[in-house]
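Visitor: Pasting a structure here, questions to come.
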Amino acid sequence: MLARPIESSIALDIPFRGGRNFVHSTDLFAELDGLAGKFLAPRAHLKNLTLRRQAHRQIAAHFLPHPDAFGSFALALPHQTLEGWLVESPALITRRIAFDEVAISRAAVSEPGRVFLPGPVKGYSGFEQMIVLFKMLCAQSHPGAWLFTGIDLNRALGKEARLAVSRTQTVLNRLVDARLDQDGETVGRVRMVLATGGNV
């Protein structure tokens, strides 16, 4: 049973991040993970997130299939899943926040096929830390702009955790699939593709 009745769509409040002019995956993850706790239960989490293209305007989360969706997601409890779709709205994004990736990349250890953090980097979410690690891992395959396309989690991604991403597959040097470990245990998998422009 849902913690509270859920609307057919919910407007998200997404800022631009750093100098980017598109919606960053870290902000989508944070907003949707927050929805899980609000509408399912405090212990609920974002189970998966898939993006097919970048978005440049505000986002609405829909809980019925939508023909204009640019992505999809699922919120989860152990025995309950709520699926949703992401749709760009006409509303412009007017807020911008800073994002300094250097603190994370400096703390990361890079090995062939694996990048990890010996300990959590304070002040950053688990997803923010994971994204930086994954970009570093993808750069091992090919330099350029890598775009996040998906994450599948079998449990919540913690903030105070040791994270590691390990490459499991590379397709034509343009798609990287990786295993995501948290405190030495596998918690899911993530995917990125090489794009001609933009950054994750």
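Each reported figure results from applying straightforward, stated rules to the coordinates on display, with no laboratory input. Just so it is clear, the structure is predicted and the values come from calculations on it, not from any experiment. Here Cβ is always computed from backbone atoms with ideal geometry, including for glycine, and neighbour counts include all displayed protein chains.
Visitor: Per residue, how big is the convex hull of the chain when only Cα atoms are used? Give it in Å³.
Guide: About 123 Å³ per residue, rounded to a whole number.
Visitor: Could you state the angle between the C-alpha long axis of helix 25-39 and the longest principal axis of the C-alpha atoms of the chain, as a value from 0 to 90 degrees rounded to the nearest 10?
Guide: 40
Visitor: Under a cut-off of 13 Å between alpha-carbon atoms, report the aspartates and glutamates in cross-link reach of Lys135, not counting same-chain residues fewer than 8 places apart.
Guide: Glu101, Asp177
Visitor: Order these peptides, 29-37, 183-191, by their mean beta-carbon neighbour count within 10 angstrom, highest first.
Guide: Going from most to least packed, we get 29-37, 183-191.
Visitor: Sticking with this one: Enter the angle in degrees (range 0 to 90, nearest 10) between the Cα long axis of helix 126-141 and the first principal axis of the Cα atoms of the chain, meaning the one along which they spread out most.
Guide: It is inclined by approximately 50 degrees.
Visitor: Might you report the magnitude of the Cβ-based charge dipole of the chain about its Cα centre, with Lys and Arg at +1 and Asp and Glu at -1, to the nearest 20 debye?
Guide: 240
Visitor: Here is a follow-up. At 222 nm, what value in deg cm²/dmol follows for the chain if DSSP H runs of at least 4 each add -39500 (n - 2.57) and the sum is divided by all its residues, to the nearest 500?
Guide: -6000 deg cm²/dmol
Visitor: Full-extension gain between Thr186 and His142, please, as 0.36 nm times their residue separation minus the C-alpha to C-alpha distance.
Guide: 13.3 nm
Visitor: If you place +1 on the Cβ of every Lys and Arg and -1 on the Cβ of every Asp and Glu, how big does the dipole about the Cα centre of region 9-96 come out, in debye to the nearest 20?
Guide: About 240 debye.
Visitor: Shape call for region 12-120 from the C-alpha gyration tensor, a ≥ b ≥ c root eigenvalues: rounded (a/c under 1.5), prolate (a/b greater than b/c) or oblate?
Guide: Oblate.
Visitor: Right, something else. For a protection proxy built on the mean count of beta-carbon atoms within 10 angstrom, sort 109-115, 19-25 highest first, please.
Guide: Ranked by mean Cβ neighbours within 10 Å, highest first: 19-25, 109-115.
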